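This report refers to the structure that appears directly beneath it.
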Amino acid sequence: MKLTTKLTLWYFGIMLVVLLIGGAIVYYEIQRKLTRVEVARHERLNDIIAEQIRRGGDYSGDPTRKRATITKVPADSVPKGVRSSYTRGLEWNPEFQTNEYRLLVTSFYTINGGHYRVTTYSFIPSFYQLLPGVVNSFQWILLLLLVMVIISAGLISKYILAPFKRTMRMIQSFDLKQKEAIRLPVTRTSEFRELNQFLKKMTEKAREDYQSLKEFTENASHELQTPTAIIRGKLDLLMESDIRDEQAILIAEMQNALERLSRIHSSLTLLTKLENQEYDVSESVNMSPLVKAVLNSFEELIEMKSLRLVAEIGENVYIALHPALADLLLMNLVGNAIRHNAGEGCILVRLTREGLVVSNSGREPQVPVAELFERFKKGNPGGDSIGIGLAIVRQICDLARFTIQYQYQGGIHTLAVGFTDEAPASRLLQNPALSLHHVKTVT
């Protein structure tokens with residue numbers, strides 16, 4: 001939900017509550033004011049009638065006596081300190097043949113030594129008669145307020161929040177690899193200025209850290225290559241010299257450790273480049289020939305381990321991924337399936353437009369499945385793997401916005417990579433046709 005929409009809903013909700021409370025106040029205030037006005041009118045009428053009594057004469061046909069009652073009362077029945085009072089109640093109105101609120105105003109006078117009680121009455125609108133008018137008025141007010149709020153929200157979004165939107169677009173297009181500092185729009189709003197200052201500092205710090213990390217990675221990669229090459233050369237010279245069998249075994253172990261160190265270094269460097277998004281994943285690559293080429297490169301190793309390969313490769317499967325990353329993804333997945341396979345086991349490689357599935361037989365992993373995508377996590381700690389292959393695969397999938405999921409069931413390891421949101425990796429794993437058990441009978 002957009003910020004302007006939230007502000008509009010909150011403002012309209014607050015105004016609705018205020019209008020409901022205000023409507024009740026207005027309703028009862030109108031009723032109170034109306035009663036006070038009517039009481040004042042009747043007190044004025046009672047004064048006129050009292051003046052007629054004081055002058056004497058016959059006023060029985062005067063209009064003022066139409067709804068008036070004049071009673072001479074003893075002095076002790078006159079309330080002290082009270083000149084007039086009123087009562088209001090629901091009474092039958094014979095003129096309109098309905099029940100209405102009747103206002104009865106009683107005043108006391110002393111005229112020519114006598115005490116008189118003058119009472120007049122009239123019918124006034126009830127609460128329920130006033131309510132529709134109040135409700136209709138507030139409905140129009142509410143409608144007008146809604147229109148104004150919508151118009152105001154549009155103006156706020158277009159003009160007041162325009163600098164914020166431009167800042168968001170600049171942040172979205174910001175690239176750590178760019179050499180110049182980010183340029184944010186100028187604004188006179190103090191909050192937006194503070195935000196822009198913070199974003200400038202943050203992006204500049206991120207850009208400096210990225211450049212420092214990139215330089216460190218490049219320098220470390222370059223500096224490690226030289227001593228590694230020297231050590232490898234010296235070990236080769238030692239192997240060619242006259243040495244005993246025990247020394248040859250030690251040198252071979254040293255060479256294996258050196259090769260392992262080189263692989264770890266190369267893998268960590270690659271992971272760093274992937275995390276820094278130094279590869280362009282917008283390029284379209286045809287995965288079908290790549291899968292075939294990778295399988296052909298592993299053909300001798302598959303035959304040497306007596307593995308049965310089942311390949312189902314769709315034609316012209318294009319995805320958005322850098323060709324080098326696509327080749328690296330396939331090499332790690334297929335190599336992982338061969339390395340961790342059981343003797344005379346099976347491998348299934350299936351490529352469709354929805355995704356890639358690689359399954360292989362093998363022993364149950366000795367670590368939780370969720371940890372296999374972390375660095376230096378291996379399903380078989382005793383193997384020769386360095387434990388970074390699946391971490392590289394996960395990083396490539398994250399970079400390309402692919403989904404990836406691992407499953408071990410019934411002695412079968414399955415890695416599924418979903419290329420689209422419509423066919424995520426979890427759906428590929430749920431498809432029984434993609435199980436290695438489905439093709440175990442294929443020879």
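The values are calculated or read from the model by the stated rules, or taken from the named source; none is laboratory data. Just so it is clear, the model here is predicted, and its values are computed rather than measured. All Cβ positions, glycine included, derive from the backbone under ideal geometry; neighbour counts span all protein chains shown. Surface accessibility is based on the protein's heavy atoms, side chains included, excluding ligands, DNA and RNA. Shrake-Rupley method; radii C 1.70, N 1.55, O 1.52, S 1.80 Å.
Structure notes:
- Ranked by the mean number of other Cβ atoms within 10 Å per residue, highest first, peptides 18-24, 120-126 order as 120-126, 18-24.
- Exposure ranking of 419, 96 by accessible area [1.4 Å probe, largest first]: 96, 419
- Model label zone, residue 29; criterion: amide N under 18 Å from point 7 Å along Cα-to-beta-carbon; scope the range 135-149: 135-142
- Full-stretch length increase - residue 205, residue 239 - with 0.36 nm per residue and alpha-carbon distance subtracted: 7.2 nm
- A straight chain from residue 213 to residue 93 at 0.36 nm per residue would run longer than the Cα-Cα distance by 33.9 nm.
- Using the 1.4 Å probe convention, the accessible area of the range 8-100 works out to 72 Å² per residue with neighbouring protein chains retained.
- Extension gain for the segment residue 62 to residue 421, taken as residue separation times 0.36 nm less the Cα-Cα distance, is 120.1 nm to one decimal.
- Residue 282 exposes around 90 Å² of accessible area when a 1.4 Å probe is run over every protein chain in place.
- Between the range 61-80 and the range 84-146, the alpha-carbon centres lie 20 Å apart.
- Using a simple spin-label model with pseudo-atoms 7 Å out from Cα toward Cβ, residue 1 and residue 189 lie 1.9 nm apart.
- Residue 239 accessible area, 1.4 Å probe, all protein chains in place, Å² to nearest 10: 80 Å²
- Surface analysis of the range 137-188 yields an accessible area of 76 Å² per residue, using protein heavy atoms and a 1.4 Å probe.
- Largest-first principal axis extents of the Cα set of the range 65-130 (Å): 44, 23, 14
- Heavy atoms of residue 318: accessible area, 1.4 Å probe, square angstrom to 10: 130 Å²
- Cα centroid separation, the range 17-50 to the range 323-360 (Å): 87 Å
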